[in-house]
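Below is one structure; the comments refer to it alone.
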Amino acid sequence: MPTTDLGRLFRYAISGGASAATHFGVGLLLTSAGVRPVLASTAGFVASIAVSYALQHAWVFRSAAGHAVAGSRFLTVTAAAFLLNTAVLWIGTELLHAPFALVQALALVAIPILNYTLNSRWTFAAGARPGPPRQS
């Protein structure tokens, strides 16, 4: 693996940690205040979006893609991650009655894998443009 890829993975891990801490912290705070787990996690997820986008665009991927393109793609990837998170939380807490913290921790392992793959190859790709690829 090239050194630049390792550096990007390291930066992604740090930004992901900041995003996950935001997500998990808000969710834990709200569940301790009596909010249902799926709703609490949703609020945490939304709070983490701004942290994640800013760090990934400027620092992790150092993208030249404009915010209109990168932002809309980021929100598409985020929607897929949100659906994954919601499904894991619903199955884990509502169907299996597992503790919120355990189930959310499991979801927070799956989400970064999905996000990194899609964001590195599509969202923040150098010179990302909407529409079909250009012909040479």
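Worth pointing out:
- Any hit, region 43-65, residues being among the polar types (S, T, N, Q), out of contact with any Gly (no Cβ under 7 Å at 6 or more places or on another chain) and surrounded by fewer than 13 Cβ atoms within 10 Å (Cβ to Cβ): no
The rows are residues; the columns are (1) at pLDDT 95 or above; (2) surrounded by fewer than 13 Cβ atoms within 10 Å (Cβ to Cβ); (3) under 20 Å from residue 35 (Cβ atoms).
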{"residue": "92", "(1), (2), (3)": "yes, no, yes"}
{"residue": "97", "(1), (2), (3)": "yes, yes, yes"}
{"residue": "109", "(1), (2), (3)": "no, yes, no"}
{"residue": "115", "(1), (2), (3)": "no, no, no"}
{"residue": "126", "(1), (2), (3)": "no, yes, no"}
{"residue": "136", "(1), (2), (3)": "no, yes, no"}
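- Residue that is surrounded by the most Cβ atoms within 10 Å (Cβ to Cβ) [pool: residues in region 1-42 that are over 28 Å from residue 98 (Cβ atoms) and β-branched (Val, Ile, Thr)]: 14
- Options 19, 41; residue that is out of contact with any Ser or Thr (no Cβ under 6 Å at 6 or more places or on another chain), under 14 Å from residue 108 (Cβ atoms) and in contact (Cβ under 8 Å) with a residue 12 or more places away in the chain: 41
- All of (1) exposed (fewer than 13 other Cβ atoms within 10 Å of the Cβ); (2) in contact with a helix residue (DSSP H, G or I) (Cβ under 9 Å, 6 or more places away or on another chain); (3) within 22 Å of residue 16 (Cβ to Cβ); (4) not β-branched (Val, Ile, Thr) hold for residue 79 with one exception: (2).
The values are calculated or read from the model by the stated rules, or taken from the named source; none is laboratory data. Quick caveat, the model's predicted, so the values are computed rather than measured. Ideal geometry is used to build each Cβ from the backbone, glycine not excepted, and the neighbour counts take in all protein chains shown.
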